[in-house]
1. Starting from the 7 Å offset along Cα-to-Cβ, what nm value, one decimal, do you get for the label separation of E25 and A82?
2. Of the peptides 45-51, 22-28, how do they stack up when ordered by the mean number of other Cβ atoms within 10 Å, highest first?
3. Subtracting the Cα-Cα distance from 0.36 nm times the residue separation, let me have the gained length for K75 to T44 in nm, one decimal.
4. Between F34 and Q96, what length in nm is gained on full extension when 0.36 nm per residue of separation is reduced by their alpha carbon distance?
Amino acid sequence: MIAWCTVQRYGLPQHEYQAKAVLGEFGVPVPRGFPAFTVEEAATAASQLGGPVWVVKAQIHAGGRGKAGGVKVVKSIDDVRAEAKRLLGAVLVTHQTGRTASKSTGSTSRTAR
């Protein structure tokens, strides 16, 4: 039902951070996170989130981004910067994209530890 509401209200495709916003509007608890479109936005997001561990995720319209290296758990702001630099604008090839691949935007989330 939630997926249907997302499709009907906002259309497809949705990035994870966009879907989280929609789910939040319907009262579904979602982890805190921020989209980041630059390395410094990622570092700022991690600082705002606080905590010792963050997840830097490529935002692409395909599954399998974790296996393709598009999801990284990091333990310092310097590592957030390094992973954001690596992922922003990178082309990820996953089992769903095949050779056509998808260009990444990025986001930073705090882990629930």
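1. Going from the E25 label point to the A82 one covers 3.9 nm.
2. For the peptides 45-51, 22-28, the packing ranking is 45-51, 22-28.
3. 9.7 nm
4. Once the chain is fully extended between F34 and Q96, it gains 19.8 nm.
No lab work stands behind these numbers, since they all come straight from the coordinates. Only a predicted model underlies this, so the values are computations on that prediction, with no experimental measurement involved. Neighbour counts are summed over all protein chains in view; Cβ atoms, including those assigned to glycine, are modelled from backbone coordinates with ideal geometry.
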